[in-house]
1. Can you give the average number of partner chain beta-carbon atoms within 10 Å of each beta-carbon in peptide B:55-67, as a whole number?
2. Would you tell me the mean number of C-beta atoms belonging to other protein chains that fall within 10 Å of each C-beta in A:64-74, as a whole number?
3. Listed highest first by mean packing, meaning other Cβ atoms within 10 Å per residue, what order do A:124-130, A:232-238, A:50-56 come in?
4. Take the Cα coordinates of the stretch A:180-259, assign each an equal point scatterer, and use the Debye formula without solvent to give log10 I(q)/I(0) at q = 0.14, 0.17, 0.18 Å⁻¹.
5. If packing is taken as the average count of other Cβ atoms within 10 Å, what order do A:106-114, A:286-294, A:191-199 fall into, highest mean first?
6. Under the definition of partner shielding as Cβ atoms of other protein chains within 10 Å of a residue Cβ, what is the mean value for peptide A:47-55?
7. Could you tell me what a quarter of the Cα convex hull surface of chain B works out to, in nm² with one decimal place?
8. Rounded to the nearest 10 degrees, what's the angle between the helix B:26-35 long axis and the longest principal axis of chain B, both from Cα atoms, 0 to 90?
Amino acid sequence: MNAGTSNDGTTVHLASPAAEEYLDGVRAALADLPAPEVAEILDDVRAHLADLTAELDDGADVAALTARLGPPSAYAAELRSAAGYPAADPEEAGRPRHGLARLALAAPVAGALLFLLGIAAREITVVFVGLVIGAIGLPIVLRDGPRVPSVAALPEVRWLAGARPAGPTTRTVTGFVASLQPAWWVLRAIAAAALVVSVFSGGEAPAVLLLGLLAVPLSVWVGHRTRRDRRLLWVVVPLNALAAFVLLWMLVDGVPGSREPSPADYSVSVPGLWQDGDREIRDIRPVDAAGNPLTGVYLFDQDGMPIDTSGAECSGADAGANAAYPRGTWDYDPRTGRCRYTPPAPLVVAVPAPPAPGSGPAGALPTAGPTAGPTPAPPAGSVPPAPPSVTPPPASPTR
Amino acid sequence: MDTSQLLKGVLDLAVLAVLDRGDGYGYEVVRGLRAAGLQEVGDASVYGTLRRLYNAGLLTSYVVPSEEGPHRKYYSLNAPGRDRLHEMAKTWRAFAETMEGLVAVA
């Protein structure tokens, strides 16, 4: 379907792409006139061209229209003189449009840069400003024809198009890359589906597949449409960049939102006290420097917060979170469905050997580890005072 | 003699006369002029003339949507347009009479 937009926003159907191309030529030649007037004229001309192409039947290409009406510029000049508009100054006509066309081209580039910058810096305001600036180009290209003649006429765009190296090899390469385009249409549809699913439902793979099946035909349609109407590039290119970004992300991370939680996630969410994230500490058995078990010990961390070993199940059982160590352990009994208390069993531990041989062990140590611990100093210093010096005194009396 | 040169001076009158017979869109006016014998009239000239007459307040326009193809903008003569047509027709008759008298001798 071939559609153009008239001045009042209604979409009208055109008979042929040739008519649209001829209309672009007329539009370009009238571009110095006020936009509403140009829109009115083009409404007439569009209908005129549709009637002519219908008269010319299948042979209605631009050459046939030109043979019948003269070139678009001559048509525009004749219309101009009959309507009493000032004649176009051949030198001045192109200038103001170049400015607008440049803005149309520069706005999305600047917008995209700001958008990326905002994402990198996690500044939502910058992202938003980037979006707004990027959108400035849209109304300008929408006033243009489907081939965006005003932008294509820019010297720098012409230079870029001309600078492309020609030759059989490059033609083969560009032809090959162009033949891959449908594959990209499919890929970006999957990326869009993955993005939508991950935003709205946490990213289940079947949902991505289902939505992808719907998105692929749409993406292919947009792709074909964009080949004809280059104005769509102003929307499609940023979306393509987003799709490429999502695809890269999927390659690195799997389908967004669906990856397995890592052990690091567990250590944050699982209650209780854990050693290195994989060994649960369910009770603490303090002993003094000689290896004698201590009772009624309160433990605090570097900030004076109590250390609590009670986990998720049975944590609330009688002992409470503020009991002294050793506490014994609470286990869930699947047979009775209740929590069962196990008092601290007798335990023999190896205490690191004291550094000074003079201060011998107080009692008969069962197994005095001959190998010195990693830090021999602390045990000797921490023996005499019962409350550790770092512990703030007010913490324990309140409990 | 080149008819298109003559046409330039009377195209307004010709277009107003065609529209006086009934409302029409641009290409209808072109065909009306051709059917009346003005083969040399340029399509773009007619469209330009319609715009000028419209902007001068002599015509009104309305849009008729079309099933296939773009919608058509119909032009219609309003009261000032009709006045102008009669005025121009009077001038034209006097002018044509004068010319006829002049040319009859040749």
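Each reported figure results from applying straightforward, stated rules to the coordinates on display, with no laboratory input. These figures come from a predicted structure and were not determined experimentally. As a convention, Cβ positions derive from the backbone with ideal geometry for all residues, glycine included, and neighbour counts pool all protein chains shown.
1. The per-residue average across the peptide is 2.
2. The mean count of partner-chain Cβ atoms within 10 Å per residue comes to 1.
3. A:50-56, A:232-238, A:124-130
4. For the requested q values the scattering log ratios are -0.44, -0.63, -0.70.
5. Averaged packing, sorted descending, gives the order A:191-199, A:106-114, A:286-294.
6. 5
7. 7.5 nm²
8. That helix lies at roughly 40 degrees to the long axis.
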